[in-house]
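Take a look at the structure below.
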Amino acid sequence: MQILTWNVQWCCGLDGLADPARIVRHALAMGEGAGGIDVLCLQEVAVGHSGLAGAPGDQVAQLQALLPGWQLFFAATTDGFDASGQRRSFGNVVASRLPVAEVAQHRLPWLAEVGVVSMPRGCLVLTVRDPVLGLVRVLCTHLEYHSASQRLAQVQALRAIHAESLAQLAARPGTAPAATPYTTPAHTPHAVLCGDFNLHAGEAAYAALVAAQADGSALWHDSWPLLHGSAPQPPTFCLFDRTWGPAPVACDFALVSDSLRSHVRAWHSDSATQLSDHQPVLLSLA
């Protein structure tokens with residue numbers, strides 16, 4: 001199973017051109033030779049934000065047209081209208097060529113902080129059916145950039161989302177007729193959490209994300225150190241454009257549940273592409 005996560009900056013490259021087609025081409029090409037990409041997790045997808053660089057259009061519709069046969073889901077974290085009445089949405093997309101069993105959206109904490117620039121954040125979850133691993137929950141998120149306290153609160157919420165799913169698995173809800181909303185959803189211990197976390201491995205929020213529980217077990221394992229130990233992860237941000245930082249940093253991660261720890265086979269990032277201000281990360285599981 002191959003999952004690619006990429007903050008695509010509304011599909012706008014460092015050349016100023018917003019082009020979903022080349023994002024999709026590049027992402028799919030990264031999975032060639034290993035069975036192909038199964039799930040795409042994209043952050044910063046725009047609809048109606050004509051004022052952004054490159055004047056993006058309806059990128060959800062564009063991405064769906066570029067991925068025939070895929071199921072595509074968009075979770076807007078901001079959704080409203082400008083002064084002229086134009087609707088503007090911004091958020092995360094998860095697209096899957098695997099069958100989808102469940103879809104869920106979670107609003108992450110948005111703390112009140114006077115004078116701090118911030119926006120609402122969320123987590124989009126698809127439970128997909130992989131022919132080898134079975135049911136896998138894929139969580140796509142994008143945490144706050146400007147506030148360490150908000151990132152920490154959002155990390156704790158992501159841990160709680162997974163802990164709640166594991167609790168449901170251990171103590172399943174009562175059954176209900178299939179035709180009602182009470183139908184018991186699919187449950188699985190397998191989960192992958194990926195996205196742009198806007199933090200680095202030395203931050204308190206990162207330590208909280210991968211911290212052990214009271215019983216010593218981990219909710220999330222960062223896939224990079226599972227394969228490479230203490231070697232630093234290749235940077236995924238500010239490699240070519242230093243607008244948002246003085247030096248390259250690794251802030252895009254792919255984490256796995258404890259149940260998938262032994263299934264991580266490969267981790268790859270493209271450090272050369274300039275189709276976004278972030279670098280894509282590809283995780284392979286088997």
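Read-outs throughout are calculated quantities, based only on the coordinates presented, and are distinct from any laboratory measurement. Note that the coordinates shown come from a computational prediction; the quantities given were computed from them, not determined experimentally. For neighbour counting, all protein chains shown are included, and Cβ atoms are generated from backbone atoms with ideal geometry for every residue, glycine included.
For the range 1-69 and the range 191-220, compute the distance between their C-alpha centroids and round to whole Å.
Comparing the Cα centres of the range 1-69 and the range 191-220, I get a distance of 26 Å.
If a/c stays under 1.5 just call it rounded; otherwise compare a/b with b/c (prolate if a/b is bigger, oblate if not). Do that for the range 174-234, with a ≥ b ≥ c from the square roots of the Cα gyration tensor eigenvalues.
Details: a/c = 2.85, a/b = 2.46, b/c = 1.16.
Prolate.
For the chain, with only Lys/Arg (+1) and Asp/Glu (-1) charged at the beta-carbon, what is the dipole magnitude about the Cα centre, in debye rounded to 20?
Numbers: 15 positive and 22 negative charges, 95 e Å.
That gives the chain a dipole magnitude of about 460 debye.
Among the helices of the chain (complete DSSP H runs), which have Cα atoms covering no less than 27 Å along the helix axis and a Kyte-Doolittle mean of at least 0.0?
Counting only whole DSSP H runs, the qualifying helices are 148-170.
Under 10 Å, Cα contacts only: if you run a Gaussian network model on the chain, which one of ILE161, ILE37, ILE23 comes out with the highest mean-square fluctuation?
Largest GNM mean-square fluctuation: ILE161.
Only Lys, Arg, Asp and Glu count, each charged at its Cβ (+1, +1, -1, -1), so figure out the dipole size of the range 101-169 about its Cα centre, rounded to 20 debye.
That gives a dipole near 20 debye.
What 222 nm value per residue comes from the helices of the chain, counting each DSSP H run with n ≥ 4 as -39,500 (n - 2.57) and dividing by all residues, nearest 500 deg cm²/dmol?
Theoretical 222 nm ellipticity from helices: -5500 deg cm²/dmol.
Along its three principal axes, how long is the chain when you only count alpha carbons? Whole Å, largest extent first please.
Result, largest extent first: 49, 49, 48 Å.
Quick check: net charge around VAL45, other residues with Cβ under 15 Å of its Cβ, Lys/Arg +1 and Asp/Glu -1?
Within the 15 Å Cβ shell, the charges total -2.
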